[in-house]
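Student: My structure is below; once you've seen it, I'll send some questions.
The values are calculated or read from the model by the stated rules, or taken from the named source; none is laboratory data. These numbers were taken from a predicted model, which means no experiment stands behind them. All Cβ positions, glycine included, derive from the backbone under ideal geometry; neighbour counts span all protein chains shown. Note: areas computed on protein heavy atoms with side chains; ligands, DNA, RNA excluded. Shrake-Rupley method; radii C 1.70, N 1.55, O 1.52, S 1.80 Å.
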Amino acid sequence: MEKVYAVGMGPGNGDQMTAEAREVIVSCDVIAGYTVYVDLVRKVLKERELEGKEFITTPMTQEVKRCRLAFEQAQKGKKVAMVCSGDAGVYGMAGLLLEISGDYPEAEVEVVPGITAALSGAAVLGAPLIHDFAVISLSDLLTSWEKIGKRLHAAAEADFCICLYNPSSRKRHDYLKKACGIMLESKAGDTVCGIVRNIGREGEGCAFCTLEELKDAETDMFTTVFIGNSQTRMVNGRMVTPRGYRNDREQE
């Protein structure tokens, strides 16, 4: 059967790639993906595990082309792994592969989950997402800034903890500042926030700040930002959002 796997390979560290994801990638004949992610696969897997494999890479904005190339290889009887950073179903390629699969009815798509940045980044900071939270990307390549702004406003007003993907880039250098302005309409300026860079990769680092201070923080596409809710606080140098267990016990 023709088969294409959408594989979430985690943040890029081999230790945080699931055993299933590694097994699937090693078993495939073709590895497809955004150039940066395929390069990460080459770093994580051993040379013998990559022996004889074909590689398909396309730059950003050519995701549809990448999917069609993957299905074309599957039509030739090859097993194909479409690799994605983090989880394939969270801002990854799983959705697009499934959408396009209608044009390739003989091909089966299987999604292999991975650790997304919200989870791996939260672990670096402490436990900021222990209660209800929202994940929002600030990239307006596929979503209008108007809609992003509405989502930020709604999540902030509802007192969600918020995790921001793609906080800024060369073309979007002021988007995080704009996002903070929207959230400050509903959240206090001293709300605890955290920033994690290069999660699971060389140069990993983190920092804590207030929401007011976050406006002027320097970030890039390899940074994940965490904004706490009204209960989030720092405990022994870690960012913690209480879930209410202690309150429940005190009421018993």
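Student: What relative contact order, as a whole-number percentage, does the range 160-252 give when Cα pairs under 8 Å and 6 or more residues apart are counted?
Tutor: 35 percent
Student: Right, here's the next one. Taking the Cα-to-Cβ direction at Lys65 and at Ser169 and moving 7 Å from each Cα, how far apart do the two end points lie in nm?
Tutor: Between Lys65 and Ser169, the label points sit 1.6 nm apart.
Student: Using a Gaussian network model on the chain with a 10 Å cutoff between Cα atoms, which of Leu97, Leu138, Leu45 fluctuates the most?
Tutor: Maximum fluctuation in the GNM of the chain, among the listed residues, is at Leu45.
Student: Rolling a 1.4 Å sphere over the protein heavy atoms, what is the accessible area per residue of the range 22-118, to the nearest Å²?
Tutor: Value returned for the range 22-118: 49 Å² of accessible area per residue.
Student: I would also like to ask the following. Where does the chain land at 222 nm, in deg cm²/dmol rounded to the nearest 500, when only DSSP H runs of n ≥ 4 count, each adding -39500 (n - 2.57), divided by all residues?
Tutor: Mean residue ellipticity at 222 nm (helix-derived): -9500 deg cm²/dmol.
Student: Based on the Cβ-Cβ distance of Glu157 and Val36, what FRET efficiency does E = 1/(1 + (r/R0)^6) give at R0 = 41 Å, to the nearest 0.05?
Tutor: 0.70
Student: In the chain, what percent of the accessible surface is made up of carbon and sulfur (1.4 Å probe, ligands and nucleic acids excluded)?
Tutor: Numbers: 6290 of 13080 Å².
Of all accessible area on the chain, carbon and sulfur atoms account for 48 percent.
Student: Now for a different question. Could you work out the relative contact order of the range 35-183? I mean the mean sequence separation of Cα pairs under 8 Å and 6+ apart, divided by the number of residues, in percent.
Tutor: Computed over the range 35-183, the figure is 15 percent.
Student: Give me, ordered by chain and number, the residues 5 or more places off Val112 or on other chains with an amide H under 5 Å from its own placed amide H.
Tutor: Amide H neighbours of Val112: Ala6, Val7, Gly8.
Student: Give me the percent of DSSP beta bridges within the chain that run antiparallel, rounded to the nearest 5.
Tutor: Here the share of antiparallel DSSP bridges comes out near 40 percent.
Student: What relative contact order, as a whole-number percentage, does the chain give when Cα pairs under 8 Å and 6 or more residues apart are counted?
Tutor: The value is 20 percent.
Student: Measuring with a 1.4 Å probe in the full set of protein chains, what accessible area per residue, in whole Å², belongs to the range 157-252?
Tutor: 58 Å²
Student: Right, something else. May I ask for the distance between the Cα centers of the range 191-237 and the range 1-60, given as a whole number of Å?
Tutor: Taking the Cα centre of the range 1-60 as reference, the centre of the range 191-237 is 29 Å away.
Student: Can you give the alpha-carbon Rg of the chain over 2.2 N^0.38 Å, where N counts its residues?
Tutor: Against the compact-globule rule of thumb, the ratio is 1.10.
Student: Between Leu184 and Glu146, what length comes free when the chain is fully extended (0.36 nm per residue of separation minus the Cα-Cα distance, one decimal in nm)?
Tutor: 12.0 nm
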